[in-house]
Amino acid sequence: MENLMEKIISLSKRRGFVFPTSEIYGGFSGFYDFGPLGVLLKENIKKEWRKAVVFSHDEIVEIDSAIIQNPKTWKASGHLDGFVVEIRECQKCHRRFRVDHLEDDKCPVCQGNLGQPSFFNEMFETYVGAKKDSSAIAYLRPETAQGIFLNFKNVLNTFPKELPFGIAQIGKAFRNEVSPENFIFRIREFEQMELEYFVEPKKSEEYHQKWIEERFKWYLDIGLKKENLKIFEVPKEDLAHYSKRTVEIHYNYPFLKNFGELEGMANRTDFDLKTHSKFSKVDLSLFEPKSRKRFFPYIIEPSVGIERIFLALLLDAYSEEELNSGEKRVVLKFLPKMAPIKLAVFPLLRNKPALVEKAREVYSLLKDNFLVAWDDNDNIGKRYRRQDEIGTPWCVTIDFETLENGTVTLRDRDTTKQTRHLPQEIIKIVKEKIK
Ligand code: GAP
């Protein structure tokens, strides 16, 4: 579809999914705000992730660590020395570019000459406390993972577990990306969902494979099309310093030549627990009573940014159609469980008090069970179009027949077919479909 990204960006703003941040001051590159529907879609992504990664595994718990950790964390993790990108600055316009994003030796914007490569650390710095000198420098976390490693002992002490076990976390991460790009694909403030799964070293490859398969299946379960997903084996020479093997799930983002990273799944070995033991002088090894051995578990880490899933869901769901009536519509075909709003309730006519009163009654009954919208503006056709465009799976209309026998119409977003039901039956139907 031509200009799909432009259409998604425009719909996102018009309907309240995503807004450019600080827009009244001209925006701020690499930062976005999430509107009312965006918040709901993000919540559904988190809910499905928690269901699959945390709640369905007895051996996995979740934490919420601070965004700003003791700065020694980042020395030990390797981020202070290694979280760098190679950049070159244009001598003419002074824009800076990542070397790995450059296609030739000239500035891609003004064709000026590029200067010598240098290194740039992508961590955001801040100061903690009342003194702004070098001793007060701290960092906004560039990944949530480190907060999990620092709490390894605390969690073990409160939730004693045998290997394998996992600690999960959802939270904001910050990277001072040199060139934020492609809407919410590469941004400077984003939200990660990470799992650190601790295993016996000799079983790490087996569990790595298991998580690769489980995570791939999750994307199908939340409604992404299989043909838009791909497994990518990261070449040895591109592996992060801590990784023995990394496999990524790639999505067919339209702005990339050949798919792009959605989620990464690394075998981090025992790098993290060892390095934090060394730097903190607190032993983070584990004593296993069965084998009577002390060792550092290996870590399998599925890690993803919510915004990348958010964008993939919008791209996959977006569709333009012509109805039998000849009318054109834009529809977001989210799976019902992912749709921000599950049902919309309409009185057929807003100037008939009996219809409005009955519709309010139905609205309040459904609202006790689901996220429901009320709309009594314009004609029914326009109301359907508005709900289609935000992916609401069902619309309920209260008409004159409702006043006679209590049944309402239930209109299906995808087929546009209408059936009649009592409101109580609708609760059952919808509950079954959003499981
Ligand atoms: N703890 C491992 C880690 O952070 P990563 O590959 O750097 O690994 C994991 O990041 C995931 O976070 C990526 O697969 C991507 O989904 C998301 N991510 C990373 N940088 C991002 C950015 N600048 N904007 C949006 N999402 C990003």
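Checking the condition modelled with pLDDT under 95, within 26 Å of Arg15 (Cα to Cα) and open to solvent by less than 40 Å² (accessible area, probe 1.4 Å), which residue from Leu323, Leu315, Leu311, Leu332 passes?
Leu323
Checking the conditions here, which among Val39, Val54, Val85, Val18 is among the β-branched types (Val, Ile, Thr) and modelled with pLDDT under 95?
From the options Val39, Val54, Val85, Val18, the qualifying one is Val85.
Return only the number of the condition from (1) surrounded by fewer than 21 Cβ atoms within 10 Å (Cβ to Cβ); (2) in a strand (DSSP E or B); (3) free of Cβ contacts under 8 Å to residues at least 60 places away in the same chain; (4) aliphatic (A, V, I, L, M) that Ile429 does not satisfy.
Tallying (1) surrounded by fewer than 21 Cβ atoms within 10 Å (Cβ to Cβ); (2) in a strand (DSSP E or B); (3) free of Cβ contacts under 8 Å to residues at least 60 places away in the same chain; (4) aliphatic (A, V, I, L, M), Ile429 fails exactly one: (2).
Here's a check for you: in region 251-274, which residue that is open to solvent by 20 Å² or more (accessible area, probe 1.4 Å) and closer than 18 Å to Glu194 by Cα is nearest to the ligand (Cβ to nearest atom)?
That would be Glu261.
If we scan region 297-306, do we find a residue that is open to solvent by less than 60 Å² (accessible area, probe 1.4 Å) and more than 16 Å from the ligand (Cβ to nearest atom)?
Among the residues of region 297-306, at least one is open to solvent by less than 60 Å² (accessible area, probe 1.4 Å) and more than 16 Å from the ligand (Cβ to nearest atom), which makes the answer yes.
May I ask you to verify whether Asp368 is surrounded by fewer than 18 Cβ atoms within 10 Å (Cβ to Cβ) and under 29 Å from Ser12 (Cβ atoms)?
no
Would you be able to tell me the number of residues in region 61-71 that are of a type outside the set (S, T, N, Q), under 20 Å from the mean Cα position of the chain (by Cα) and open to solvent by less than 50 Å² (accessible area, probe 1.4 Å)?
Total meeting the criteria: 2.
Does Trp218 satisfy the condition of being within 14 Å of the ligand (Cβ to nearest atom), in contact with a helix residue (DSSP H, G or I) (Cβ under 8 Å, 6 or more places away or on another chain) and part of a helix (DSSP H, G or I)?
So Trp218 passes the test.
Confirm whether Ser277 is part of a loop (DSSP other than H, G, I, E, B), among the hydroxyl-bearing types (Ser, Thr, Tyr) and either near the ligand (Cβ under 9 Å from one of its atoms) or surrounded by fewer than 19 Cβ atoms within 10 Å (Cβ to Cβ) (or both).
Criteria not met by Ser277.
Sort out which residues of region 156-173 are of a type in the set (D, E, K, R) and either closer than 18 Å to Ala145 by Cβ or within 16 Å of the ligand (Cβ to nearest atom) (or both), and write them in order of number.
Within region 156-173, just Lys172 meets the criteria.
Checking the conditions here, which among Glu191, Glu248, Glu205, Glu237 is in a helix (DSSP H, G or I), of a type in the set (Asp, Glu) and touching a residue at least 12 places away in the same chain (Cβ under 8 Å)?
Exactly one of Glu191, Glu248, Glu205, Glu237 is in a helix (DSSP H, G or I), of a type in the set (Asp, Glu) and touching a residue at least 12 places away in the same chain (Cβ under 8 Å), namely Glu205.
Restricting attention to region 129-157, report how many residues are more than 29 Å from the chain's Cα centre (by Cα) and of a type outside the set (Lys, Arg).
Residues flagged as more than 29 Å from the chain's Cα centre (by Cα) and of a type outside the set (Lys, Arg) within region 129-157 amount to 8.
Counting only residues that are over 16 Å from Lys203 (Cα atoms) and not small (Gly, Ala, Ser), how many does region 253-270 have?
10
Sort out which residues of region 72-88 are surrounded by 17 or more Cβ atoms within 10 Å (Cβ to Cβ) and not hydroxyl-bearing (Ser, Thr, Tyr), and write them in order of number.
The answer is Trp74, Ala76, His79, Phe83, Val85, Ile87, Arg88.
Taking region 19-54 as the region of interest, how many residues are hydrophobic (A, V, I, L, M, F, W, C), in contact (Cβ under 8 Å) with a residue 60 or more places away in the chain and not in a helix (DSSP H, G or I)?
The number of residues fulfilling the criteria is 1.
For region 176-215: of the residues being aromatic (Phe, Trp, Tyr) and within 14 Å of the ligand (Cβ to nearest atom), which is farthest from the chain's Cα centre (by Cα)?
Within region 176-215, the match that is farthest from the chain's Cα centre (by Cα) is Tyr197.
What pairs come out if I take residues in region 301-321 that are under 16 Å from Glu6 (Cα atoms) and pair them with residues that are near the ligand (Cβ under 9 Å from one of its atoms) whose C-beta lies under 9 Å away, six or more apart or interchain?
Phe310/Ile184; Leu311/Ile184; Leu311/Phe185; Ala312/Leu262
Is one or more of the residues making up region 90-112 aliphatic (A, V, I, L, M), closer than 28 Å to Asn182 by Cα and surrounded by fewer than 13 Cβ atoms within 10 Å (Cβ to Cβ)?
Scanning region 90-112 turns up at least one residue that is aliphatic (A, V, I, L, M), closer than 28 Å to Asn182 by Cα and surrounded by fewer than 13 Cβ atoms within 10 Å (Cβ to Cβ).
The values are calculated or read from the model by the stated rules, or taken from the named source; none is laboratory data. Since we're looking at a predicted model, the values are computed, not measured. Positions of Cβ are backbone-derived with ideal geometry, glycine not excepted, and every protein chain shown enters the neighbour counts. These area figures cover heavy atoms from the full protein model, side chains too; ligands, DNA and RNA do not enter into them. Shrake-Rupley method; radii C 1.70, N 1.55, O 1.52, S 1.80 Å.
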